[in-house]
Amino acid sequence: MTDKKNPKWVPQLLAWYDVHKRELPWRDCGDPYKIWVSEVMSQQTRIEAMKPYYDNWMRLFPTLEDLANASEDEVVHAWQGLGYYSRARNLRLGVKDVVETTVVSCLVTARRWSP
């Protein structure tokens, strides 16, 4: 009987993946921002078509703060060619929210620890 939590084919699949996986700049980087951007860009887009856009994006907006401070026009221009521009606008808004929330949280924490 096969264990439903660990089917026999899982080790075979993982071994295949280790040999055949594509090298992608956001894989194993550990940077949530880069992974987030890659996830949004790859929606409804082939990975091979998206990779040059990702590389250019990271040159233009290497950090959350860089994207949060960019204008909507800059963001849409950098996205040009990927289509579905609402993805770019919403990514920028999400990043702005994360940055603003983080700054506010840090200020509140700092005030609590101030004498």
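Scan the stretch 1-48 for residues that are free of Cβ contacts under 8 Å to residues at least 40 places away in the same chain, outside any loop (DSSP other than H, G, I, E, B), of a type outside the set (Lys, Arg) and within 27 Å of Lys96 (Cβ to Cβ) and jot them down.
Taking the stretch 1-48 as the starting set, the residues that turn out to be free of Cβ contacts under 8 Å to residues at least 40 places away in the same chain are 1-32, 34-35, 38-39, 42, 45-48.
If we keep only those that are outside any loop (DSSP other than H, G, I, E, B) as well, we get 9-20, 32, 34-35, 38-39, 42, 47-48.
Still in the list and also of a type outside the set (Lys, Arg): 9-20, 32, 35, 38-39, 42, 47-48.
Pro32, Ile35, Ser38, Glu39, Ser42, Ile47, listed by residue number.
Yes/no per residue for (1) surrounded by 10 or more Cβ atoms within 10 Å (Cβ to Cβ); (2) under 12 Å from the mean Cα position of the chain (by Cα); (3) within 28 Å of Val76 (Cα to Cα):
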site: Lys4; (1), (2), (3): no, no, no
site: Val10; (1), (2), (3): yes, no, no
site: Tyr17; (1), (2), (3): no, no, no
site: Trp26; (1), (2), (3): yes, yes, yes
site: Lys34; (1), (2), (3): yes, yes, yes
site: Ser42; (1), (2), (3): yes, yes, yes
site: Ile47; (1), (2), (3): yes, no, yes
site: Pro52; (1), (2), (3): yes, no, yes
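Could you look through the stretch 71-113, keep only residues that are more than 16 Å from Gln43 (Cβ to Cβ) and polar (S, T, N, Q), and pick out the one that is modelled with the highest pLDDT?
So the residue we want is Ser71.
Go through the residues of the stretch 58-75 one by one and say whether even a single one is part of a helix (DSSP H, G or I), farther than 14 Å from Leu91 by Cα and of a type in the set (Val, Ile, Thr).
No, there is no match, as no residue in the stretch 58-75 is part of a helix (DSSP H, G or I), farther than 14 Å from Leu91 by Cα and of a type in the set (Val, Ile, Thr).
Does Glu65 meet the test of being surrounded by 13 or more Cβ atoms within 10 Å (Cβ to Cβ), of a type in the set (D, E, K, R), on the phi < 0 side of the Ramachandran plot and in contact with a helix residue (DSSP H, G or I) (Cβ under 8 Å, 6 or more places away or on another chain)? Give the derivation first.
Details: surrounded by 13 or more Cβ atoms within 10 Å (Cβ to Cβ): yes; of a type in the set (D, E, K, R): yes; on the phi < 0 side of the Ramachandran plot: yes; in contact with a helix residue (DSSP H, G or I) (Cβ under 8 Å, 6 or more places away or on another chain): yes.
Taking the combined requirement at face value, the residue satisfies it.
The values are calculated or read from the model by the stated rules, or taken from the named source; none is laboratory data. Treat the numbers as computed from the prediction; the structure is a model and nothing was measured. Heads up, the Cβs are rebuilt from the backbone with ideal geometry, glycines too, and the neighbour counts pull from every protein chain shown.
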